[in-house]
Amino acid sequence: MTRRLLSNHADGRESGFVVVAALWLLTALAVLATIASIYVTQSAKALAALDATAQMDMLTSAGIELAAYQLSAPATTRRPRRGRFGFRLAKCNVTVEYLSEAARINLNMASRTMLAGLFAAVGADADAAGQFADRVLGWRGGLRPNMQDAEDGIYRAAGLGYLPRRAPFNNADELWLLPGMPAAIVERAMPYVTVYSGIAEINVLDAAPEAIAALPDMTPARLDAFLRQRESLPPDPELVLGALGGKQVGATTGVSDAYRVRIRTKFPNGRQRTSEAVIAIPPAGEKEAFHVLAWREDIGAQQEP
């Protein structure tokens with residue numbers, strides 16, 4: 001009798017262990033299922049984001065290629081200064097605008113007078129505007145030899161760990177590296193400068209008022225008079241320059257080989273994204289239809305091209 005009771009007691013203990021083990025196993029499986037569910041959800045989100053990024057790149061590339069096609073078509077006798085078109089692809093609406101870089105002031109080629117004029121146009125007083133123009137000249141190596149040591153001293157006094165490059169700007173963002181330049185002035189000037197136009201002048205038919213105001217000896221009255229009639233002027237260089245009051249140093253009606261292309265994409269879910277590229281259109285006969293000089297994604301609401 002005692003043996004039978006001990007046997008039943010041992011069987012009960014073993015059954016209890018089995019139940020506990022089964023419960024632990026079920027709990028572990030539940031945890032693994034939860035982890036797996038979270039992993040699958042996160043992976044799906046990551047893949048969806050990856051698909052959206054790939055789709056954005058595809059649409060942006062399509063916009064750039066179509067713009068380059070319009071600018072390099074054989075039937076075009078005179079390359080347009082600007083243009084706009086739209087298309088629908090992958091259930092997305094895409095709007096593309098392009099504008100010749102000649103509408104912007106070239107940091108590497110503009111005169112000191114024009115650079116100072118731009119800084120004055122965006123809010124600097126006359127003395128400060130001249131100093132900012134000197135910083136641009138010093139960076140690109142345009143100062144006289146006897147002024148270079150003084151320019152180096154300005155960088156050292158500002159506590160900067162570098163000196164002026166003494167070479168052309170690689171991109172307009174290097175304007176932020178110049179000592180003594182208030183952030184507000186740099187930010188306001190950025191929409192009107194470039195390093196890609198290849199010319200020292202600006203196309204006054206497309207340039208922003210701030211850029212035209214930078215022209216030597218430009219007055220508010222002359223600027224206002226020109227802007228009032230600009231849209232109605234025929235594309236005749238003599239007439240356009242005449243509307244500025246005669247021959248105007250720094251003004252042109254020509255275009256650049258470089259264009260700023262802005263691609264605005266609206267997705268089916270209502271989300272919108274804007275990208276911008278600067279492309280160069282090579283001469284006819286070259287293998288490549290265009291070269292990408294700069295590319296920025298998701299730039300948001302900024303100055304119109």
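Among the basic types (Lys, Arg), touching a helix residue (DSSP H, G or I) at 6+ places or on another chain (Cβ under 9 Å) and not in a loop (DSSP other than H, G, I, E, B), is that true of residue 166?
no
Check off (1) outside any loop (DSSP other than H, G, I, E, B); (2) at pLDDT 95 or above; (3) buried (at least 19 other Cβ atoms within 10 Å of the Cβ); (4) not β-branched (Val, Ile, Thr) for residue 138 and give me the number that stays unchecked.
Residue 138 satisfies all of (1) outside any loop (DSSP other than H, G, I, E, B); (2) at pLDDT 95 or above; (3) buried (at least 19 other Cβ atoms within 10 Å of the Cβ); (4) not β-branched (Val, Ile, Thr) except (2).
If residue 166 satisfies every condition in (1) farther than 30 Å from residue 231 by Cα; (2) at pLDDT 95 or above; (3) among the charged types (D, E, K, R) but one, which is the exception?
The single condition residue 166 does not satisfy is (2).
Just one of (1) in contact with a strand residue (DSSP E or B) (Cβ under 7 Å, 6 or more places away or on another chain); (2) at pLDDT below 95; (3) among the small types (Gly, Ala, Ser) trips up residue 172, so point out which.
Single failed check for residue 172: (2).
Where in the range 189-305 are there strands (runs of 3 or more DSSP E), lying fully within it, with 1 or more residues that are among the hydroxyl-bearing types (Ser, Thr, Tyr) and touching a Gly at 6+ places or on another chain (Cβ under 7 Å)?
Strands (runs of 3 or more DSSP E) meeting the threshold: 272-280.
Is at least one residue of the range 172-180 part of a loop (DSSP other than H, G, I, E, B), in the same structural domain as residue 96 (by TED's automatic domain parsing) and more than 21 Å from residue 84 (Cβ to Cβ)?
no
Residues checked against (1) modelled with pLDDT of 90 or more; (2) closer than 30 Å to residue 57 by Cβ:
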position: 214; (1), (2): yes, no
position: 259; (1), (2): yes, yes
position: 267; (1), (2): no, yes
position: 285; (1), (2): no, yes
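The values are calculated or read from the model by the stated rules, or taken from the named source; none is laboratory data. These numbers come from a predicted model, not from an experiment. Positions of Cβ are generated from backbone atoms using ideal geometry, with glycine treated the same way; all protein chains shown enter the neighbour counts.
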